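Participant: Supplied in structure tokens, the structure appears directly below.
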Amino acid sequence: MTTQLPIFDWDELDEQRRVALLARPRLGDIAAIRETVAAIVEAVRRAGDAELLRLAAEYDHAALTDVYCSDAEFDAAQREVGDDVRAAIAAAIANVRQFHAALRPSEVRVETSPGVVCERVVRPIDAVGLYVPAGSAPLPSAAIMLGVPATLAQCPGVIIATPPRADGRADPAVLCVAAELGIRTVIKAGGAQAIAALAYGTETVRPVNKIFGPGNAFVTEAKQQVAADPDGAAIDMPAGPSEVMVLADANADPTFVAADLLSQAEHGPDSQVVLVATDRALAEQTAAALDEQLLTLGRADIARKALMGSVGFVVADRDAAIAVANRYAPEHLIVQMANPRDLLAAIRNAGSVFLGPWSPESIGDYCSGTNHVLPTYGYARSYSGLGVTDFCRTMTVQELSAAGLRAIGPVAVTLAGVEGLDAHARAVTLRLGTA
């Protein structure tokens, strides 16, 4: 079976056609997903652990007696995961930790006027929940990307939720990541039910303040529902299916470009890959390379379905390619063009950028050091990738001396008078002895 990536000349498309071709895949029957998720969330709130166990049997075909991973399960994971895998996990964690440690927010102290000191102090979020998917494939890399910034922020309570396998155990590689990070609280729950348990708690699961992590449409909907509830939990960012855009010119290697497109297409049938080329021959060679490389992929059927919703464009020049990228705002943006760093200043909207032929997106997914939890579905226009700051909150502090209050107090009194807030003014004038 061949899979032809449809290729269009951007300049020949009218605006309506451009919008249609750049549209993200629909996430299924949104109303039905919303209704299903609401029912699951309510059931978990009502029945707690018993509902988690029931849903594990229904959705994961796992007969659980306890939602928590035991010490014995952690020990078994260490025995089962090969030394090479555990060494790769340790190396990836080291790189991610090194980069993220440099992103820790700093505290600030400024004397805005004599005797008036303003500060910003940083505190870790008390309790965070990390959702690690394990749908068609387990994702220990997600545990790394969530766990490293959580531990760097020194959040007092960190809990991982991950779906159980049919044998009732969590994925051993995910447990090895948790152990390497010193996280020993792991519950075996997936989907909307895991999000509900993290947000509202159960008899044994303590509720968290904020939930992090990627997931399918049901997980995404559950996160949005609990975030909209004052009694629920905050979330990291909106999310959709994984996506990549590759910008390429005549200098690019079409086999590299095709490999990068397929690395995202194999995530799921609703993933989207977009090629923007300044050279038609390169675009056509890439389409041919896609067919050739698909023959060797274990998840070729999934990738083919994703490619059915994907597209290629031929644009006039590099500036036009950047304009399309900024318009689309991809989760991953790969620049396989001559002197790619020269283009970086013009790139405004992307979750993570990969410059040059030797920077495959896969490295960012696993071990370069940056985070792979990124805004998708166009949210890169207004959201950033995950970092340590997301696991912290800041508070401002002000401390005035008597002289400081005498100096700036009249400013507050005047503005309070403009707003008609007498009590605001009196809180100052009483101190100044001018009431």
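The values are calculated or read from the model by the stated rules, or taken from the named source; none is laboratory data. The model shown is predicted, which means the values in this text are computed figures rather than measured ones. Every residue, glycine as well, gets a Cβ built from its backbone with ideal geometry; the counts of neighbours run over all protein chains shown. Note: accessible area is taken over every heavy atom of the protein model, side chains too, but ligands, DNA and RNA are not part of it. Shrake-Rupley method; radii C 1.70, N 1.55, O 1.52, S 1.80 Å.
Condition check ((1) out of contact with any helix residue (DSSP H, G or I) (no Cβ under 6 Å at 6 or more places or on another chain); (2) open to solvent by 10 Å² or more (accessible area, probe 1.4 Å)) across all residues:
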{"site": "Asp301", "(1), (2)": "yes, yes"}
{"site": "Leu307", "(1), (2)": "no, no"}
{"site": "Val315", "(1), (2)": "no, no"}
{"site": "Asp319", "(1), (2)": "yes, yes"}
{"site": "Ala329", "(1), (2)": "no, no"}
{"site": "Ile334", "(1), (2)": "no, no"}
{"site": "Asn339", "(1), (2)": "yes, yes"}
{"site": "Arg348", "(1), (2)": "no, yes"}
{"site": "Ser352", "(1), (2)": "no, yes"}
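Participant: For the list (1) under 25 Å from the mean Cα position of the chain (by Cα); (2) open to solvent by less than 40 Å² (accessible area, probe 1.4 Å), I need the number of the one condition that Ala289 fails.
Facilitator: Tallying (1) under 25 Å from the mean Cα position of the chain (by Cα); (2) open to solvent by less than 40 Å² (accessible area, probe 1.4 Å), Ala289 fails exactly one: (1).
Participant: Looking at the structure I just gave you, is Gly182 among the small types (Gly, Ala, Ser) and open to solvent by 50 Å² or more (accessible area, probe 1.4 Å)?
Facilitator: So Gly182 fits the description; yes.
Participant: Could I ask something else about it? Residue by residue through region 149-166, note down the ones that are among the hydroxyl-bearing types (Ser, Thr, Tyr) and open to solvent by less than 10 Å² (accessible area, probe 1.4 Å).
Facilitator: Thr162, the sole residue that qualifies.
Participant: Sticking with this one: So if I check each of Val108, Val117, which one is open to solvent by less than 70 Å² (accessible area, probe 1.4 Å) and free of Cβ contacts under 8 Å to residues at least 24 places away in the same chain?
Facilitator: Val108
Participant: Of all the residues that make up region 385-405, how many are surrounded by fewer than 18 Cβ atoms within 10 Å (Cβ to Cβ) and free of Cβ contacts under 8 Å to residues at least 60 places away in the same chain?
Facilitator: 0
Participant: Something else about it: Provide a single number: the residues in region 354-366 that are under 21 Å from Asp236 (Cβ atoms) and open to solvent by less than 50 Å² (accessible area, probe 1.4 Å).
Facilitator: Residues flagged as under 21 Å from Asp236 (Cβ atoms) and open to solvent by less than 50 Å² (accessible area, probe 1.4 Å) within region 354-366 amount to 3.
Participant: Considering only residues that are over 13 Å from Pro133 (Cα atoms) and free of Cβ contacts under 8 Å to residues at least 60 places away in the same chain, which ones fall in region 154-194?
Facilitator: Gln154, Pro156, Gly157, Val158, Ile159, Gly182, Ile183
Participant: Can I ask one more? Just for region 47-100: of the residues that are over 30 Å from Asn371 (Cβ atoms) and acidic (Asp, Glu), which one is surrounded by the fewest Cβ atoms within 10 Å (Cβ to Cβ)?
Facilitator: Filtering first and then ranking leaves Glu58.
Participant: Another question about this same structure. Looking at this structure, is Leu21 surrounded by fewer than 18 Cβ atoms within 10 Å (Cβ to Cβ) and either without any contact (Cβ under 8 Å) to a residue 24 or more places away in the chain or not acidic (Asp, Glu) (or both)?
Facilitator: Here the answer is yes, as Leu21 does meet what is asked.
Participant: Are there helices (runs of 4 or more DSSP H) fully within region 188-277 with at least 3 residues that are open to solvent by 40 Å² or more (accessible area, probe 1.4 Å) and touching an Asp or Glu at 6+ places or on another chain (Cβ under 8 Å)? List them.
Facilitator: Output list is empty.
Participant: On to the next question. State which residue is farthest from Pro214 (Cα to Cα) when the search covers only region 120-139 and only residues that are more than 13 Å from the chain's Cα centre (by Cα), at pLDDT 95 or above and open to solvent by less than 50 Å² (accessible area, probe 1.4 Å).
Facilitator: Val121
Participant: Select from region 8-26 the residues that are out of contact with any Ser or Thr (no Cβ under 9 Å at 6 or more places or on another chain) and closer than 18 Å to Lys305 by Cα and write down the one among them that is modelled with the lowest pLDDT.
Facilitator: Arg26
Participant: Just to be sure I understand the filter: pairs with C-beta atoms under 6 Å, separated by 6 or more residues or on different chains, first member in region 337-352 and touching a residue at least 12 places away in the same chain (Cβ under 8 Å) and on the phi > 0 side of the Ramachandran plot, second member outside any loop (DSSP other than H, G, I, E, B) and open to solvent by less than 20 Å² (accessible area, probe 1.4 Å). Which pairs pass?
Facilitator: Qualifying pairs under 6 Å: none.
Participant: Also, I was wondering about something else. Within region 300-323, is even one residue within 23 Å of the chain's Cα centre (by Cα) and basic (Lys, Arg)?
Facilitator: For region 300-323, residues within 23 Å of the chain's Cα centre (by Cα) and basic (Lys, Arg): absent.
Participant: In region 131-157, which residues are in contact with a strand residue (DSSP E or B) (Cβ under 6 Å, 6 or more places away or on another chain) and of a type in the set (A, V, I, L, M, F, W, C)?
Facilitator: Within region 131-157, Val132, Ala134, Leu146, Ala150, Ala153, Cys155 qualify.
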